[in-house]
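A.B. asks: Below is one structure. I have some questions about it.
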C-alpha cells in the first residue's frame with residue numbers, strides 16, 4: 001500500500017487551503033495587528049494538520065472499521081489519536097518557535113494552557129476536515145452510483161435492441177418460408193423486401209436516433225412484405241400526420257406494434273382481417289395507434305404481452321420520462337396506443 005495516494009492528498013491540500021482562507025478572513029474581521037506573523041503561523045500549523053488528517057482519516061479510521069468486532073479497541077485507538085493530535089500540535093508549535101518560523105504571539109504560563117489550546121484547535125480542525133471530506137466522498141459515491149446506473153441502463157437498452165432485431169427477423173423469415181413452401185411467385189419479391197429491411201437495420205439503426213421519415217420507410221417496407229402473404233381480403237390503412245419528418249426518433253421504436261398487429265392479429269383472423277395504423281407527431285408529442293382484427297374476445301383473456309411488447313415497454317422506460325402504452329382487447333379487435341413526449345428523452 002502506498003504511503004500517500006496522490007488524489008487523496010490533493011483533497012486534503014484543497015481542504016487545508018479552504019481552512020487557511022477562512023482563517024485569514026477571521027483574522028481580518030478581528031482586526032489583527034500581526035497580519036504577517038499570523039499568516040506564517042497558520043501556514044506552519046497547516047503543514048502538520050494536513051499530514052495528521054490524512055493519516056487519521058485515510059489510515060487510522062479504516063482500521064477501526066475493519067475491526068468492528070473488537071469493540072473495546074476502537075475507543076482506545078480514537079483516544080490515542082486525539083492525544084497524538086494534541087501533543088503533535090504542541091511540539092510542532094515549539095519546534096517552529098525554535099526554528100524562528102513560528103511567532104510566539106501568545107505566551108503560556110503553564111503547559112496545560114498550551115495543551116488545552118492545542119486540543120481546542122484539533123477538535124475544530126478535525127470537524128472541519130471531516131465534514132468536508134465525508135461530504136466530498138458522499139457526492140463522489142453518488143456520482144459513481146449514477147454513472148453505474150447509466151451504464152447498466154445503456155447495456156440493458158443495447159441488449160433489448162439486439163433481442164428485438166432477431167425477433168423481428170425471425171418473424172419475417174417465417175413469412176417468407178410460408179410463401180416458399182407454397183411455391184408462391186411472391187417469394188422472390190418478399191426476399192427483395194427483406195434485403196431492403198436488413199440493409200436498413202445494418203446501416204441505419206446503429207445510432208441513438210434516426211429521422212422519422214426513415215422509421216416510416218422501414219415500416220412501409222415491412223407492411224409491403226406482410227401484404228404479400230394476403231389476398232384482397234386484408235383491409236389495410238396506414239397514414240400519418242407528422243409536422244417535421246426530419247425530427248429525431250429512436251430507431252425501430254414503432255415497428256414492434258406493427259409487427260404485433262400482423263403476427264398476433266391479422267394472421268390469426270379467419271374472416272375479414274384488418275390493420276389500421278396511424279401516426280401523429282405534433283409539437284414533440286407522438287401518438288401511435290395500431291388497431292387490428294383479433295379472434296380473441298375481450299371476455300376470454302387479457303391482451304398478450306409477447307416479447308415484442310415486453311421489450312418495447314422496457315425500452316420506453318429507459319428512453320423517456322413521459323410516455324404511455326395502452327392495449328385494449330375488444331370484440332374482434334385489438335388496439336395498442338402509444339403516446340410519448342419526445343422532449344422527455346433521458
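A.B. asks: Can you say whether residue 159 is in the same structural domain as residue 268 (by TED's automatic domain parsing), closer than 30 Å to residue 230 by Cα and modelled with pLDDT under 85, as far as the supplied structure shows?
C.D. replies: On the way: in the same structural domain as residue 268 (by TED's automatic domain parsing): yes; closer than 30 Å to residue 230 by Cα: no; modelled with pLDDT under 85: yes.
No, not satisfied.
A.B. asks: I've got another one for you. Taking residue 139 as the residue in question, decide whether it is farther than 30 Å from residue 36 by Cα, modelled with pLDDT of 85 or more, within 46 Å of the chain's Cα centre (by Cα) and surrounded by 10 or more Cβ atoms within 10 Å (Cβ to Cβ).
C.D. replies: When the stated conditions are applied, residue 139 passes them.
A.B. asks: State the number of residues belonging to the range 37-46 that are closer than 23 Å to residue 78 by Cα and in contact (Cβ under 8 Å) with a residue 40 or more places away in the chain. Before you say what the answer is, go through the steps one by one.
C.D. replies: Taking the range 37-46 and keeping what is closer than 23 Å to residue 78 by Cα, we get 45-46.
After this cut, where a residue has to be in contact (Cβ under 8 Å) with a residue 40 or more places away in the chain as well, the list is 45.
Of the residues in that region, 1 qualify.
A.B. asks: Next question. Given the structure, is residue 6 within 19 Å of residue 103 (Cβ to Cβ) and either without any contact (Cβ under 8 Å) to a residue 40 or more places away in the chain or surrounded by 15 or more Cβ atoms within 10 Å (Cβ to Cβ) (or both)? Before you say what the answer is, go through the steps one by one.
C.D. replies: Numbers: within 19 Å of residue 103 (Cβ to Cβ): no; either without any contact (Cβ under 8 Å) to a residue 40 or more places away in the chain or surrounded by 15 or more Cβ atoms within 10 Å (Cβ to Cβ) (or both): yes.
Here the answer is no, as residue 6 does not meet what is asked.
A.B. asks: Does the range 21-51 hold any residues that are touching a helix residue (DSSP H, G or I) at 6+ places or on another chain (Cβ under 6 Å) and assigned to a helix (DSSP H, G or I), and which are they? Break it down stepwise before answering.
C.D. replies: In the first step, residues of the range 21-51 are kept if they are touching a helix residue (DSSP H, G or I) at 6+ places or on another chain (Cβ under 6 Å); the result is 23, 27, 32, 38, 42, 44, 46, 48-50.
Those that are touching a helix residue (DSSP H, G or I) at 6+ places or on another chain (Cβ under 6 Å) and assigned to a helix (DSSP H, G or I): 23, 27, 38, 42, 44, 46, 48, 49, 50.
A.B. asks: Ok, one more. Considering only the range 232-255, state which residues are more than 20 Å from residue 293 (Cα to Cα) and either without any contact (Cβ under 8 Å) to a residue 24 or more places away in the chain or buried (at least 18 other Cβ atoms within 10 Å of the Cβ) (or both).
C.D. replies: 249, 250, 251, 252, 253
Rundown of residues vs (1) within 27 Å of residue 342 (Cβ to Cβ); (2) within 35 Å of the chain's Cα centre (by Cα); (3) assigned to a helix (DSSP H, G or I); (4) touching a residue at least 12 places away in the same chain (Cβ under 8 Å), yes/no style:
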position: 215; (1), (2), (3), (4): yes, yes, yes, yes
position: 222; (1), (2), (3), (4): yes, yes, yes, yes
position: 230; (1), (2), (3), (4): no, no, no, yes
position: 257; (1), (2), (3), (4): yes, yes, yes, yes
position: 279; (1), (2), (3), (4): yes, yes, no, yes
position: 295; (1), (2), (3), (4): no, no, no, yes
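A.B. asks: Which condition number does residue 251 fail, the rest of (1) at pLDDT below 85; (2) over 30 Å from the mean Cα position of the chain (by Cα) being met?
C.D. replies: Tallying (1) at pLDDT below 85; (2) over 30 Å from the mean Cα position of the chain (by Cα), residue 251 fails exactly one: (2).
A.B. asks: Checking the conditions here, which among 262, 288, 274 is within 15 Å of residue 330 (Cα to Cα) and either over 27 Å from the mean Cα position of the chain (by Cα) or assigned by TED's automatic domain parsing to the domain that holds residue 335 (or both)? I'd like the intermediate steps shown before the answer.
C.D. replies: Numbers: 262 fails: within 15 Å of residue 330 (Cα to Cα); 288 fails: within 15 Å of residue 330 (Cα to Cα).
Result: 274 is the single residue among 262, 288, 274 that is within 15 Å of residue 330 (Cα to Cα) and either over 27 Å from the mean Cα position of the chain (by Cα) or assigned by TED's automatic domain parsing to the domain that holds residue 335 (or both).
A.B. asks: Restricting to the range 104-118, and then to whatever is closer than 18 Å to residue 23 by Cβ and crowded, with 16+ Cβ neighbours inside 10 Å, can you tell me which residue is nearest to the chain's Cα centre (by Cα)?
C.D. replies: 118
A.B. asks: Criterion first (assigned to a helix (DSSP H, G or I), out of contact with any strand residue (DSSP E or B) (no Cβ under 9 Å at 6 or more places or on another chain), at pLDDT below 85 and surrounded by 15 or more Cβ atoms within 10 Å (Cβ to Cβ)) does residue 61 satisfy it?
C.D. replies: Values: assigned to a helix (DSSP H, G or I): yes; out of contact with any strand residue (DSSP E or B) (no Cβ under 9 Å at 6 or more places or on another chain): yes; at pLDDT below 85: yes; surrounded by 15 or more Cβ atoms within 10 Å (Cβ to Cβ): yes.
Yes; evaluated as a whole, the condition is true for this residue.
A.B. asks: So the check is Cβ under 6 Å with 6+ separation or different chains; which pairs have a first residue in the range 17-36 that's farther than 17 Å from residue 50 by Cβ and a second one that's in a loop (DSSP other than H, G, I, E, B)?
C.D. replies: Pairs that qualify, where the first residue is farther than 17 Å from residue 50 by Cβ and the partner is in a loop (DSSP other than H, G, I, E, B), are 34/105.
The values are calculated or read from the model by the stated rules, or taken from the named source; none is laboratory data. Note that the coordinates shown come from a computational prediction; the quantities given were computed from them, not determined experimentally. Because the Cβ atoms are built from the backbone with ideal geometry, glycine has one as well, and the counts that use them run over all protein chains shown.
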